[in-house]
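The values are calculated or read from the model by the stated rules, or taken from the named source; none is laboratory data. None of the values given here were measured: they were computed from a predicted structure. Cβ placement follows ideal geometry from the backbone for every residue including glycine, while neighbour counts extend to all protein chains displayed. What goes into the accessible areas is simple: the full protein's heavy atoms, side chains included, and nothing from ligands, DNA or RNA. Shrake-Rupley method; radii C 1.70, N 1.55, O 1.52, S 1.80 Å.
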Amino acid sequence: MRVSAAGRREQRWRLAGVASGSGRRLARQSDLLAPLDVKLLTFNPYHLRVIAASRKKTDKRDAFWLAKTVQSGMTPHPVYIPTGIVRQLRALLNERDSVTRRLLGSKFRLATRP
């Protein structure tokens, strides 16, 4: 964080753009890069017309056009990457729903026994 001449705080980020938009690997990468002050921008490749519309799909060309897009500032809205706490809360909620469903199933099975 640095303070500009106008007295405003400016936050400098080192950027790492990734074209894949989902998955557990992406969340792990975000967790690893967060303490290093690196902002991970992830985009849906279908929203990046230059990459999606290219005829020759190679990693080298995709990386070049992704870097150009980020450099020019013409990026679409980045994909949301939940933080570790949010992922833990989601896992707990999913587990609670699973336990609730199993409990209700057991109650219904017991109620239908002769």
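Observations on the model:
- In a residue-by-residue description of the stretch 93-114, the property of being charged (D, E, K, R) and under 20 Å from the mean Cα position of the chain (by Cα) applies to no position.
- Residue check for ASN94: out of contact with any Leu (no Cβ under 6 Å at 6 or more places or on another chain), at pLDDT below 75 and not hydrophobic (A, V, I, L, M, F, W, C): no
- Scanning the stretch 25-33 turns up at least one residue that is within 19 Å of THR69 (Cβ to Cβ) and either touching a helix residue (DSSP H, G or I) at 6+ places or on another chain (Cβ under 7 Å) or modelled with pLDDT of 75 or more (or both).
- Here ARG61, ARG55 are screened, and the one residue that is over 20 Å from ARG25 (Cα atoms), open to solvent by 80 Å² or more (accessible area, probe 1.4 Å) and part of a helix (DSSP H, G or I) is ARG61.
- Verdict on ILE85 being modelled with pLDDT of 80 or more, open to solvent by 80 Å² or more (accessible area, probe 1.4 Å) and β-branched (Val, Ile, Thr): yes
- Given (1) at pLDDT 75 or above; (2) over 17 Å from TYR80 (Cβ atoms); (3) open to solvent by less than 40 Å² (accessible area, probe 1.4 Å); (4) not hydrophobic (A, V, I, L, M, F, W, C), number of the condition SER4 does not satisfy: (1)
- Considered as a group, the residues in the stretch 64-82 that are open to solvent by less than 70 Å² (accessible area, probe 1.4 Å) and in a loop (DSSP other than H, G, I, E, B) include one that is farthest from LEU26 (Cα to Cα), and that residue is GLY73.
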